[in-house]
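The values are calculated or read from the model by the stated rules, or taken from the named source; none is laboratory data. Keep in mind that what you see is a predicted model, and the values were worked out from it rather than measured. Cβ placement follows ideal geometry from the backbone for every residue including glycine, while neighbour counts extend to all protein chains displayed. The area values use the complete protein model at the heavy-atom level, side chains included, leaving out ligands, DNA and RNA. Shrake-Rupley method; radii C 1.70, N 1.55, O 1.52, S 1.80 Å.
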Amino acid sequence: SDAPVIAVDGPSGSGKGTISRLLAQRLGWHLLDSGALYRLTALAAMRRGFEFEDATALAAVAGALDVRFAGDGERARVLLEGEDVGLAIRAEDCGAAASRVAALGPVRDALLQRQRDFRRRPGLVADGRDMGTVVFPDAALKIFLTASQEERASRRLKQLKDQGVSANLPSLLRDLAERDARDARRAVSPLRPADDAIEIDSSGLDIPAVLDRILALARERN
Ligand code: C5P
């Protein structure tokens, strides 16, 4: 497909999930939440009792994922084998497991085409870690969204509290630092900005401000 792509990459808690969803809504484009595919792979593997060291088995799980994304916006649902797992995949343990399966090359390869299949007219907003570097290297616009570790941890704390999940800042900070390190130093598709990415530090910026900046950049590119 030659539909245009906006790649939004960055570490967890940078706000890229929210920003990507709003961006897709504003543009009327499709949305790819690539992290959800890694989370779903991790969940499916955990449910089957697979070891996270078994790259071959995990790649098979990733390749055969029976997943459906239904609806969008606030009412978006994620179905794994027909079951709504929207909440299960957002849990911290699933995120940590996702970052482990995401370090495996065969798993990433198994998810590559599935991600590219999201590219349809009129366009795609792709949210992830390697959207601009690996999955959509020809994206029309590449954003690398960051925020300080403290800011990201406290945003995550608020998110969890809103969902009625108990959590504390020190342990969130520790988990975040661990996940960042694992995502950045892995051998395959490490988290890094594409050479032609535009970095936006969202610390101290609110969501509409970040959104406006990206929309302005998108208009410039057209
Ligand atoms: O973005 P999210 O927190 O849902 O992603 C969960 C994990 O999946 C990340 O920590 C990262 O290890 C992995 N991931 C990835 N490549 C992507 C998206 C997510 O490696 N494109």
Restricting the range 22-69 to residues that are among the small types (Gly, Ala, Ser) and free of Cβ contacts under 8 Å to residues at least 40 places away in the same chain, the residue that is least open to solvent (accessible area, probe 1.4 Å) | Ala44
Looking only at the range 83-94, count how many residues are open to solvent by less than 60 Å² (accessible area, probe 1.4 Å) and farther than 13 Å from Leu37 by Cβ.
-> 4
Of Ala64, Ala97, Ala60, Ala55, the only residue that is under 28 Å from Arg155 (Cα atoms) and small (Gly, Ala, Ser) is Ala97
Picking from Leu145, Leu112, Leu124, the residue that is away from the ligand (no atom under 13 Å from the Cβ), open to solvent by less than 60 Å² (accessible area, probe 1.4 Å) and not charged (D, E, K, R) would be Leu124
Mind listing whichever residues of the range 149-190 are among the hydroxyl-bearing types (Ser, Thr, Tyr) and within 18 Å of the chain's Cα centre (by Cα)?
-> Ser189
Going through (1) part of a loop (DSSP other than H, G, I, E, B); (2) in contact with a Phe, Trp or Tyr (Cβ under 7 Å, 6 or more places away or on another chain); (3) under 23 Å from Asp180 (Cβ atoms) one by one, Ala126 fails only at (1)
Residue ranges of helices (runs of 4 or more DSSP H) in the range 1-112 with at least 2 members farther than 16 Å from Asp183 by Cα and in contact with a strand residue (DSSP E or B) (Cβ under 9 Å, 6 or more places away or on another chain) = 16-27, 34-47, 86-90
Pair list, Cβ < 9 Å and 6+ apart or interchain, from the range 196-222 residues that are under 18 Å from Ser154 (Cα atoms) to residues that are of a type in the set (D, E, K, R) and in a helix (DSSP H, G or I) = Ser202/Lys16; Ser202/Glu151; Ser203/Glu150; Ser203/Glu151; Ser203/Arg152; Gly204/Glu151; Leu205/Arg213
Here the residues within the range 127-142 that are more than 15 Å from Gly17 (Cβ to Cβ), among the charged types (D, E, K, R) and open to solvent by less than 30 Å² (accessible area, probe 1.4 Å) are Asp130, Lys142
